[in-house]
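Undergrad: Pasting a structure below so you can have a look.
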């Protein structure tokens, strides 16, 4: 009896440790995604081309973490049969890394578009786009903090933040779409349209992360 | 009869008692001896008293140690540099006030044990700690820590879109971390704020380039005036003006090089105009310009390797690179010396993939330039690419030879880096001369 409870106890601590390890990897991946987003921002608004080159390397590393975390989660779920919050945590983390990976992908896309945009003079609505990008970064940071703190309430708060980004997207879309007498080629406007779309998607993924954190803690999906 | 039995019993009992007491005393003495570092003289005192004294002493020492530990802890807590203590599972055990300010650790509470990554989202810091633990050696690293503001749950009114623009979302602070492995696979990290230094050096560079810009115009007119004067003067005045003209030109060069360097540094990629260039041809043409000096010194150039290698690069800038490098090599070669330039393309070599560097398979060109001089002084090697740095002894030029500006290698490095390449300086193990190795990507869009 004692022997059995001891082994199960050591299994539990083993599981705890493994879960913690996975959590740590997710946070690491989060820092990389955040950095990637920041670099794409610099590339787009400060025209820092070096930053753009670094994003590609970061993206490779993010991908590696993504695959490894997914595998680790699956292994832990099958071999250690976790219950309750541990199970919710692992299954939510599996989804969450996909959100993170998507944000990283979008950051890379934005960088590529920024490199094309360098050849054109800055558009008049660049300030608004910059504010939108900063706001999306703030949302990502908020969702990562929520993940670190396992804060159930954060999900709702981030959703409110997301509304602001959606409004900004609508506003900028109208501004770009209803522009008349465009001088020269339309590429910069096209690129800006795609960029704000990407930013809006990134904010959505950040919102998802917040919601998944709420699910981990409360077990309720919204 | 009963009396005799009683006495025998009593004697045996007493004997056992005495024997036990004796043994107990002996053990006690041994124990005292083992904990006490005093001489044997006082051991004749009653053991219980000795024990009491030892316990008191140990207690006093313990309190002393606690006091000392508290003092150290308080000192470190208020130290002007940051300190973090991380356990083997990367959990933050303790950090001081400065670390809290530098890393914006406002969510950490005293005595709380949490994953460091939950509190500080810095990949670099995490990597530094992991490396220290793995290698069990102290490490040093400089990086820029970015802190992105987040909306805290307590805030009732969220940052709105408009006031968002006014307050900065992302803050940057340049840090230098020194990490040390501790027993139990713990790691201690000292953090130094480099931000003031970074800002200071930036403002210094700006000042110097502003100053250079201001110096340019008067210098040009001075040299014009001097040139005009030359035709109207006889010796000895003519010689003085010649000297003046030479020095003025030197100053003009210095100013121009500095401005060029600043421009390259500020926006490296914008300044470059890319075209396809044959490396061998460039080196050849550079050598032709240097030929007169080389002939005087009877120095020969040997080129080995693949002559067909060509890369995408800025022609005039690369000419300057090889001019500076070969000119240096020429200056430091002895009479009848030899300069060896070897070209090698490295198209399919896999760079060793380290943990923080993604393996690169980008094709690159490696150009080695080795002179037959005495080489660098080893203490100079880390500084040779610094602006205005001059080697201490052997590579220091004689007063008559002071023609360089001290910016040559700095410019070389700046140009190479703008091309996405890399340059390193060392001494050749066999030939003994200075060895400069330039690595350039064949396609500059894929930097090494």
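The numbers here are math on the coordinates, done by the rules we state, and not lab data. Just so it is clear, the model here is predicted, and its values are computed rather than measured. Virtual Cβ from ideal backbone geometry, glycine too; neighbours counted across all protein chains shown.
Undergrad: Can you give me the relative contact order of chain B as a percent, contacts being Cα pairs under 8 Å and 6 or more apart?
TA: The normalised contact order for chain B reaches 9 percent.
Undergrad: Another question, then. Which whole-number percent is the relative contact order of chain A (Cα, under 8 Å, 6+ apart)?
TA: Contact order relative to length: 26 percent.
Undergrad: Then there's this: Kindly provide the helix-only [θ] at 222 nm of chain B, computed as the sum of -39,500 (n - 2.57) over DSSP H runs of four or more divided by all residues, to the nearest 500 deg cm²/dmol?
TA: Per the formula, -16000 deg cm²/dmol.
Undergrad: Using alpha-carbon pairs under 8 Å, 6+ residues apart, how would you state the relative contact order of the range B:197-266 in percent?
TA: Over the range B:197-266, the number comes to 45 percent.
Undergrad: Roughly what would the spin-label model give for residue A:186 and residue B:172, points 7 Å off Cα along C-beta, in nm?
TA: 3.6 nm
Undergrad: Please list log₁₀ I(q)/I(0) at q = 0.08 Å⁻¹ for chain B, using the Debye equation with identical point scatterers on the alpha-carbon positions.
TA: Log10 I(q)/I(0), no solvent term: -0.74.
Undergrad: Another question, then. Along the Cα→Cβ direction, 7 angstrom out, place labels at residue B:63 and residue B:252. What is the inter-label distance in nm?
TA: 8.2 nm
Undergrad: How much length is gained if the chain between residue B:379 and residue B:235 is pulled fully straight, taking 0.36 nm per residue apart and subtracting their Cα-Cα distance, in nm to one decimal?
TA: Between residue B:379 and residue B:235, full extension yields an extra 47.3 nm.
Undergrad: Which shape class applies to the protein assembly as shown: rounded if a/c is under 1.5, otherwise prolate when a/b exceeds b/c and oblate if not, where a ≥ b ≥ c are the square roots of the Cα gyration tensor eigenvalues?
TA: Because a/c hits 1.5 or more and a/b fails to exceed b/c, the protein assembly as shown counts as oblate.
Undergrad: Got a sec? How would B:17, A:43, A:125 order by Cβ neighbour count within 10 Å, fewest to most?
TA: With the fewest neighbours first, B:17, A:43, A:125 line up as B:17, A:125, A:43.
Undergrad: Per residue of B:18-29, what is the mean number of Cβ atoms on other protein chains within 10 angstrom of that residue's Cβ?
TA: 0
Undergrad: Based on the Cβ-Cβ distance from residue B:200 to residue B:78, what FRET efficiency comes out when R0 is 22 Å, to the nearest 0.05?
TA: 0.30
Undergrad: Of A:215, B:22, how do they rank once you tally other Cβ atoms within 10 Å and put the fewest first?
TA: With the sparsest Cβ surroundings first, the list reads B:22, A:215.
Undergrad: So if R0 is 60 Å, what FRET efficiency would residue B:29 and residue B:131 give, r being the distance between their Cβ atoms, rounded to the nearest 0.05?
TA: 0.70
Undergrad: Taking neighbour Cβ counts within 10 Å as the exposure measure, how do A:19, B:55 sort from fewest upward?
TA: Ranking A:19, B:55 by Cβ neighbours within 10 Å, fewest first, gives B:55, A:19.
Undergrad: Something else about it: Where Rh denotes the Kirkwood radius from the mean inverse Cα pair distance, what is Rg over Rh for the range A:138-222?
TA: 1.17
Undergrad: Using a 7 Å offset from the Cα along the Cα-to-Cβ direction at both residue A:116 and residue B:51, what is the distance between the two label points in nm, to one decimal?
TA: Roughly 8.8 nm, to one decimal.
Undergrad: Expressed as a whole number of Å, what is the distance separating the alpha-carbon centroids of the range B:295-314 and the range A:93-134?
TA: 44 Å
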